[in-house]
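Just so it is clear, none of the values below were taken in a lab; they were calculated from the coordinates. Everything quoted here is computed from the prediction, not taken from an experiment. Glycine also receives a Cβ, built like all others from the backbone with ideal geometry; neighbour counts cover every protein chain displayed.
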Amino acid sequence: MKKYDVIALGELLIDMTDNGLSAQGNTLFEANPGGAPCNVLALLAKLGHATGFIGKVGDDLFGRKLRGTLEELGIDTVNLCVDPECRTTLAFVETKADGDRDFSFYRNPGADMQLEKRDIHEELLEQAKIFHFGTLSMTHDKVREATRYGAEYAKAKGALISFDPNIREPLWDSMDHAREQVEYGLGICDILKISDNEITWLTGEEDYDRGVEKIREKHAVPLILVSMGKEGSRAYYRDMVVDRPAFLQPGTIETTGAGDTFMGCVLHGVLERGLDNLKSEDLGDMLEFANAAASLVTTRKGALRVMPGEDEIRRVVRNYE
């Protein structure tokens, strides 16, 4: 028996989210704890799973707030490192009229980029059922080495590897470099979550079935999930392709964290069912649950501290049936 259901490695930062105007007409920003890997862990912790995080924050106000938030949510912070020189990364988020977002990162460098291979507690990786990562921790040499080491060590110790590219173009010196890191993730992962725009960028295909076929021509990923926003989501497993529609919420205000919530729900399903003998009904249930949870997060500011619980998610599913 392993101690942790999921260990995630990557960025932990502050999302400075547009929250209206002041009396003087100036933009107000709300400091929301964020970072895709920890958003995933927050959802899993809310569903009762044992989770832990590997990353680095600054020795500053925001770094201390982030550690406190993870501890409040029940995410193990034993491998949350502190950099005495670099500040905690900030991401200023502008929400568009349709709920989509633009990001401006204050990360040159940011503390999350300073994670090193030597910082990683190997015992966490040995005790993980699933290891989850993305590409924001692969934009620069030092943290990329740490990320790859974590993934490879965890895999060698029997963990399933979960990967969400979560491409943020402004952080890359070139998109060819980004593509190289995505290809690495595809080559090592057992569970892939990829968005509709990412699969088109990666494969050149507007047809997602054909895009997944191109991925599978090079990489034997057992379970691939494509998130398609308002069009719902799709799962590819062996010779099965399963779709489920989105749950559209009238109170949607932004999409921050929706994909991470979806990913956490998928990992919840894998932890419950395993990855070896999934049926189409299993895939459909996982997608439905994940779509419902993601829809709830779109009605809230931020993500890390506002993840829905199982009863709330099930209620959304029932109300739509």
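Placing unit charges on the Cβ atoms of the charged side chains and taking the dipole of the chain about its Cα centre, the candidate lying farthest along the positive direction among 109, 293, 241 is 293. A crude spin-label estimate for the pair residue 59 and residue 157, with each label 7 Å from Cα along the Cβ direction, gives 2.8 nm. Extension gain for the segment residue 71 to residue 104, taken as residue separation times 0.36 nm less the Cα-Cα distance, is 9.2 nm to one decimal. Here the chain is treated as an ellipsoid with the same Cα gyration tensor; its semi-axes, largest first and in whole Å, are 27, 24, 20. One chain, two ends: residue 315 and residue 121. Fully extended at 0.36 nm per residue, the span grows by 65.9 nm beyond their Cα-Cα distance.
Loop-located GluC sites (Glu not before Pro) across region 154-212 with a Cβ neighbour count of 14 or fewer within 10 Å are 206, with loop assigned by DSSP.
Converting phi to 3J(HN,Hα) with the Karplus coefficients 6.51, -1.76 and 1.60 and the offset θ = phi - 60°, region 12-24 yields 10, 8, 10, 8, 8, 9, 4, 10, x, 10, 7, 4, 8 Hz in sequence order, with x at every glycine or proline.
Each Lys and Arg adds +1 at its Cβ and each Asp and Glu adds -1 at its Cβ; summed about the Cα centre, region 222-310 shows a dipole of about 320 debye.
Filter the DSSP H helices in the chain by two things, a Kyte-Doolittle mean of at least 0.5 and an axial alpha-carbon span of 15 angstrom or more, and list the hits by number.
Once both thresholds are applied, what remains is 36-46, 258-273.
In the distance distribution for region 171-321, Cα-Cα pairs more than 29 Å apart total 17 percent.
Between the listed residues 277, 302, 53, the Cα displaced farthest toward the positive end of the dipole of the chain, a dipole computed from Cβ unit charges relative to the Cα centre, is found at 53. DSSP bridge analysis restricted to region 1-61 gives an antiparallel fraction near 65%, rounded to the nearest 5.
Projecting label points 7 angstrom from Cα along Cα→Cβ for residue 216 and residue 306 puts them 3.7 nm apart.
Relative to the Cα centre, the charge distribution of the chain, modelled as +1 at Lys and Arg Cβ and -1 at Asp and Glu Cβ, gives a dipole magnitude of about 560 debye.
Gap in Å between the Cα centre of region 1-43 and the Cα centre of region 187-238? First find each Cα centre; the distance between them is then 26 Å.
Between residue 230 and residue 175, the modelled label-to-label distance comes to 2.3 nm, taking each label 7 Å out from Cα in the direction of the beta carbon. Taking the Kirkwood radius as Rh and the Cα radius of gyration as Rg, region 93-247 has a ratio of Rg/Rh equal to 0.98.
A dipole drawn for the chain from +1 and -1 charges on Cβ atoms has a positive end, and of 313, 134, 78 the residue lying farthest that way is 78. Here is the size of region 1-132 from its Cα atoms: Rg then Dmax, 15.9, 57 Å.
Relative to the Cα centre, the charge distribution of region 156-290, modelled as +1 at Lys and Arg Cβ and -1 at Asp and Glu Cβ, gives a dipole magnitude of about 280 debye.
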